[in-house]
Amino acid sequence: MDILQNLSWQKKTRGEQYLFVNKRFFKSNYLSHAIKSAFKGLIDEKKAPTFYINFEINPSQIDVNIHPNKTEIKFSNEKSIYSILRSAVKKSLAQYNLIPSIDFNLDQAFFNELDRKPDKISVPNIKIDKNYNPFKKDSQNTSSNLLNNLLLDSSDYVNSNTKNDLFQIENFMISIEFDSLKIFSIRKMHKRVLYENYLNLTSENNSINLLFPIDLFFSESEISTIEEIKSSLNKFGFKYILKEKMLSVLAIPSNCDESKIRDYFEDFIESKINNTSLETDFKIEIAKKLCNRNAYRPKTKLSSIEMEALYASFHKCKNQKFCPSGKKIWESLTTKLITKLIKP
């Protein structure tokens with residue numbers, strides 16, 4: 001058993017320092033110095049640590065016949081034992097918390113608070129909103145992201161005090177007028193808004209660089225088709241470079257969805273194959289494909305702000321009757337027709 005006494009039990013003399021080898025007492029100023037050096041900086045240099053240490057060593061590695069009283073022993077490798085003993089003592093002092101630790105960052109007020117008698121303990125008040133429903137969506141939030149897809153300046157309707165009587169029934173927007181109800185297809189309205197703005201876009205004011213290029217793999221014939229319409233794609237804001245059979249897309253129009261890039265290019269290839277018009281006319285085909293992909297598909301109820309935004313943008317379009325595919329956008333339900341259906 002090896003014992004190192006607590007640092008507070010240090011002595012002025014070395015009377016309580018005991019060394020044993022194979023349970024045989026011996027004296028060694030050399031090894032005692034190794035132990036004291038391990039205590040350096042922890043105790044007063046004029047005082048001595050107390051210890052009881054036993055070495056278990058192969059008898060062939062020691063010589064006990066160097067002193068008549070046999071209280072001194074000669075080790076075959078004293079330098080190694082000195083180093084091992086010093087390291088072992090240091091480790092023990094640290095492992096068993098014999099070295100005092102001081103935390104200068106410790107807030108003494110913390111301990112004062114612990115010592116203070118606690119006040120009267122009371123039950124905490126918990127406030128619960130019984131009307132809260134985590135599954136209910138706020139209709140005023142623009143969760144549909146429709147406003148983000150409108151390309152026209154929205155400052156007109158945001159700052160205007162004019163409000164239209166608009167409400168939504170599934171995929172349709174209803175506008176109440178004096179003598180009629182106008183029923184609009186929300187998706188077709190948005191198609192018309194996107195289509196007319198696509199035709200007015202240029203790469204200078206529309207292209208947005210991707211943070212990481214997106215690589216698309218196509219066949220040689222598909223790559224050749226894309227190259228034929230490259231100038232039209234650049235006008236819309238599509239930027240790419242070719243790497244053998246790979247198309248590395250660097251930039252896309254600002255209103256396009258990064259996750260639909262492959263769909264866009266597949267639509268362009270299909271349109272080019274089925275279209276025999278000149279290169280200058282292919283801009284219309286690209287605009288039709290983009291508005292068809294990006295137009296809003298009603299899944300949730302639009303907020304009043306979203307309906308106002310779409311309604312205002314739509315009424316700035318040159319053609320307010322038909323969507324790019326030629327289908328009617330709205331139908332009017334007049335009081336005359338209502339009277340025929342429901343007699344007053």
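The values are calculated or read from the model by the stated rules, or taken from the named source; none is laboratory data. Everything numeric here is computed off the predicted structure, so don't read it as measured data. Here the Cβ is made from the backbone with ideal geometry for all residues, glycine too, and neighbour counts use every protein chain on show.
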Hand me the list of helices (runs of 4 or more DSSP H) wholly inside the range 261-344 holding 1 or more residues that are under 20 Å from residue 222 (Cα atoms), hydrophobic (A, V, I, L, M, F, W, C) and in contact (Cβ under 8 Å) with a residue 24 or more places away in the chain.
-> 261-274, 282-294
Verdict on residue 184 being at pLDDT below 85 and aromatic (Phe, Trp, Tyr) | no
Being of a type in the set (Phe, Trp, Tyr), surrounded by 15 or more Cβ atoms within 10 Å (Cβ to Cβ) and more than 30 Å from residue 180 (Cα to Cα) narrows 314, 265 down to just 265
Sort through 318, 283, 299, 272 and tell me the only one that's modelled with pLDDT of 85 or more and assigned by TED's automatic domain parsing to the domain that holds residue 225.
-> 318
Do we find a residue being of a type in the set (Ser, Thr, Tyr), in a loop (DSSP other than H, G, I, E, B) and modelled with pLDDT under 85 anywhere in the range 247-256?
-> yes
